[in-house]
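Remarks on the structure that follows.
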Amino acid sequence: MPFIQNTWYAAAWSSEITRSLLPRTIANENIVFYRTEAGNVAGLTDRCPHRFVPLHLGRLKGDIVECGYHGLCFDQTGACTLNPHGDGLIPRAAKVKSYKIVEKHGVVWLWLGEASKADESSIADFSILTNPKFRTVCSYLHVQANYQLISDNLLDLSHGQYVHPMFKNAEGPPRFEAEKDGQSNEVWAKFSRPNQLPNNYFQMLGYPKDQRGDHRNFMRWNPPSLLLLDVGMTGVNRPVEEGISIPTSHLLTPETETSSHYFWAMSRDFRQDEDDLSQELLRVGVAVFDDEDKPVIEAQQRAVDTSDLMSLKPVLLHTDGPAVRARRIVEAQLQAEHG
């Protein structure tokens, strides 16, 4: 399976990139990341062109990466700056690819394709992550499954009734609202529980357990696999602003055809000074994503193996509409790039 090249992928949280060499495989490309002395993020192909030893096994000297095998040095543009052997002549082929990188919303975004086509304004809006009105906790998860299987999971939140005990509701699965006028590069999956008592999750957040309210889960998807969940609860028929909101970011990045990077964050507009709540949200996030979603999706990947999911002709339910549409958008962009 090819991957879209001319698009932005979440490569790391900004806090992950330091003055140490960080290796990460993205869409089958091995890349080493580091922060320059000026504070910018650099990304190079993680393979010395001499004997193909990963550059991350070397060392960072100033803004230069020195290969740990024979000492060839490369700057942040990928050019070889030093051959310490013989007459010191630098071979013409002694260079590595340098990637276009942008930091935005506390995320390091990577462009795999032609740098001249990279448009920072096309990065999906995740400004919620750095909005001072919200307090955010974030984490990272590695999943042994294709990134689209994770996207499918997030676009059909009816699974929460069966996979996540904390999200289960006595009145059954949520109501699904089909999208009527979709945009070409955006998909919405809207699930709601109007006039119901709060589940255990909202009780943990502080919503009164004996007070009925309107619970929403509105998921936005942007290609290739960037999702933002507007989740919250208000009094029955009351404005969103009066209730509690905890928007959740899900940034999915393919590692290989059968493995993925999953960057997630929970932001909240209430109880912002409570450090204990932040720690509890991290604990809950790990429990939900690592211990509940991940085993199901990885088992699904093993069952599907290397087949394309849609080629297996899965039975489709009403709630599968958003996931199918998202897959069609990805396929259309792949066709546009690869023909």
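The values are calculated or read from the model by the stated rules, or taken from the named source; none is laboratory data. Being a predicted model, the structure only gives us computed values, none of them experimental. Neighbour counts are summed over all protein chains in view; Cβ atoms, including those assigned to glycine, are modelled from backbone coordinates with ideal geometry. To get the accessible areas, we keep the full protein, side chains included, count just its heavy atoms, and leave off ligands, DNA and RNA. Shrake-Rupley method; radii C 1.70, N 1.55, O 1.52, S 1.80 Å.
Quick look at the numbers
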| read-out | value |
| --- | --- |
| Count - residues of the range 78-92 that are over 18 Å from VAL41 (Cα atoms), assigned to a loop (DSSP other than H, G, I, E, B) and open to solvent by less than 40 Å² (accessible area, probe 1.4 Å) | 2 |
| Verdict on ASN28 being over 24 Å from PHE126 (Cβ atoms), in contact (Cβ under 8 Å) with a residue 60 or more places away in the chain and touching a strand residue (DSSP E or B) at 6+ places or on another chain (Cβ under 9 Å) | yes |
| Sole residue being open to solvent by 80 Å² or more (accessible area, probe 1.4 Å), in contact with a Cys (Cβ under 7 Å, 6 or more places away or on another chain) and at pLDDT 95 or above, chosen from LYS100, LYS95 | LYS95 |
| Residues of the range 218-245 that turn out to be in contact with a Gly (Cβ under 8 Å, 6 or more places away or on another chain) and either surrounded by 21 or more Cβ atoms within 10 Å (Cβ to Cβ) or within 19 Å of HIS159 (Cβ to Cβ) (or both), as a count | 2 |
| Residues being under 19 Å from PHE263 (Cβ atoms), of a type in the set (Gly, Ala, Ser) and not in a helix (DSSP H, G or I) - total across the range 105-127 | 2 |
| Evaluation of ILE90 against (1) farther than 14 Å from ALA11 by Cα; (2) under 30 Å from the mean Cα position of the chain (by Cα) (one fails), failing number | (2) |
| Qualifying positions in the range 296-331 - open to solvent by 60 Å² or more (accessible area, probe 1.4 Å) and assigned to a helix (DSSP H, G or I) | VAL296, GLN300, ARG302, ALA303, MET310, SER311, LEU312, HIS318, ARG325, ARG328, GLU331 |
| Pair list, Cβ < 7 Å and 6+ apart or interchain, from the range 326-339 residues that are within 18 Å of LEU149 (Cα to Cα) to residues that are among the aliphatic types (A, V, I, L, M) and part of a helix (DSSP H, G or I) | ALA326/LEU155; ARG327/MET310 |
